[in-house]
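The values are calculated or read from the model by the stated rules, or taken from the named source; none is laboratory data. On a predicted model such as this, the values are computed, not experimentally measured, just so you know. Here Cβ is always computed from backbone atoms with ideal geometry, including for glycine, and neighbour counts include all displayed protein chains.
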């Protein structure tokens, strides 16, 4: 049995995208999703948003970006990607589509496999 590849996230549409692009890091940054280091010289996805009268910047490592692209096509909330993915894995009983997993970067695939294993251990 294959589980769907889309994490169902009910996203409110009250933000305005100002800019989004891949950039090369000139210094070390922290991923807004996994909180992992984005080392100097690595590519990351940079987004600038305006909402509630303020400007916000988000930096997403390539691995978390691949999770977003594969599993979050209906939307996501910044800084909740990993938590929402863990919930999705639990809800699916760890039965994720292999073609979806193969689209992830190797590190992202490892993160999801770790989530699956933790879910099995908890049962």
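Which of the residues that make up region 106-117 are crowded, with 17+ Cβ neighbours inside 10 Å and either touching a residue at least 24 places away in the same chain (Cβ under 8 Å) or over 17 Å from residue 60 (Cβ atoms) (or both)? Across region 106-117, the qualifying residues are 108, 111, 112, 115, 116. Being in a loop (DSSP other than H, G, I, E, B) and either modelled with pLDDT under 95 or in contact with a strand residue (DSSP E or B) (Cβ under 8 Å, 6 or more places away or on another chain) (or both) holds for only one residue in 23, 7, 70, and it is 7. The residues in region 76-91 that are surrounded by fewer than 16 Cβ atoms within 10 Å (Cβ to Cβ) and farther than 29 Å from residue 27 by Cα can be counted, and the count is 3.
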